[in-house]
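The values are calculated or read from the model by the stated rules, or taken from the named source; none is laboratory data. All figures in this text were calculated on a predicted structure; none of them were measured in a lab. Every residue, glycine as well, gets a Cβ built from its backbone with ideal geometry; the counts of neighbours run over all protein chains shown.
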């Protein structure tokens with residue numbers, strides 16, 4: 001029960017991140033935002049539905065779907081045309097020792113007339129507008145011919161990173177990680193290692 005309260009507290013602070021803050025900027029420190037080091041990562045997870053495989057940080061415990069639903073219900077971005085981007089977490093991990101929180105999932109949008117590239121461009125713009133009053137930094141990096149976009153925002157003792165990219169089918173995926181500033185240096189290395197472990201999979205049609 002104590003762990004659940006801790007996670008819900010961090011989720012609440014993550015939501016506050018999108019409401020308060022300062023300026024938007026680019027951050028050169030967000031380029032090459034991955035490392036190829038699996039020494040501190042757990043066993044590989046392969047998800048054919050998301051079209052990726054990855055390794056979460058060792059010691060970050062997998063959490064229940066109920067907590068994922070709380071994140072999902074509060075993460076909608078509207079285009080102003082009665083259509084919403086909706087982030088749907090599939091995985092949720094939490095570190096008891098550092099209070100780091102990681103969710104991984106897909107971003108859905110109901111307009112089937114738009115290409116995958118059009119959708120991710122629109123989603124990036126909506127994220128930028130939603131976070132523009134935060135202390136926001138935006139960056140990109142490429143890994144294995146895939147472009148990843150980063151949105152870093154800060155609030156009080158917490159730093160949030162949203163990493164978005166497309167799988168081989170054009171579906172938008174999001175890695176959303178919140179770290180405490182006190183443990184940011186060591187936890188950021190784990191996040192970069194996690195991102196370095198990502199591989200895109202060909203999604204088989206049933």
- Is segment 135-149 home to any residue that is surrounded by 14 or more Cβ atoms within 10 Å (Cβ to Cβ) and within 12 Å of the chain's Cα centre (by Cα)? yes
- Note on the structure: In segment 168-192, residues that are under 25 Å from residue 122 (Cβ atoms) and outside any loop (DSSP other than H, G, I, E, B) total 7
- Task: Would you check if there is a residue in segment 139-152 being modelled with pLDDT under 95 and at positive phi?
- Result: yes
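Rundown of residues vs (1) within 30 Å of residue 114 (Cβ to Cβ); (2) in contact with a strand residue (DSSP E or B) (Cβ under 8 Å, 6 or more places away or on another chain); (3) modelled with pLDDT of 95 or more, yes/no style:
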| site | (1), (2), (3) |
| --- | --- |
| 162 | yes, yes, yes |
| 175 | yes, yes, yes |
| 179 | no, yes, yes |
| 206 | yes, no, no |
- Item | Selection status of residue 50, in contact with a strand residue (DSSP E or B) (Cβ under 9 Å, 6 or more places away or on another chain), closer than 11 Å to residue 105 by Cβ and either at pLDDT below 65 or in a loop (DSSP other than H, G, I, E, B) (or both) | yes
- Task: Give 165, 99, 151, 93 a once-over and let me know the one that is touching a helix residue (DSSP H, G or I) at 6+ places or on another chain (Cβ under 7 Å), closer than 23 Å to residue 54 by Cα, in a strand (DSSP E or B) and in contact (Cβ under 8 Å) with a residue 12 or more places away in the chain.
- Result: 151
- Would you pick out the residues in segment 110-144 that are out of contact with any strand residue (DSSP E or B) (no Cβ under 8 Å at 6 or more places or on another chain) and assigned to a strand (DSSP E or B)? 143
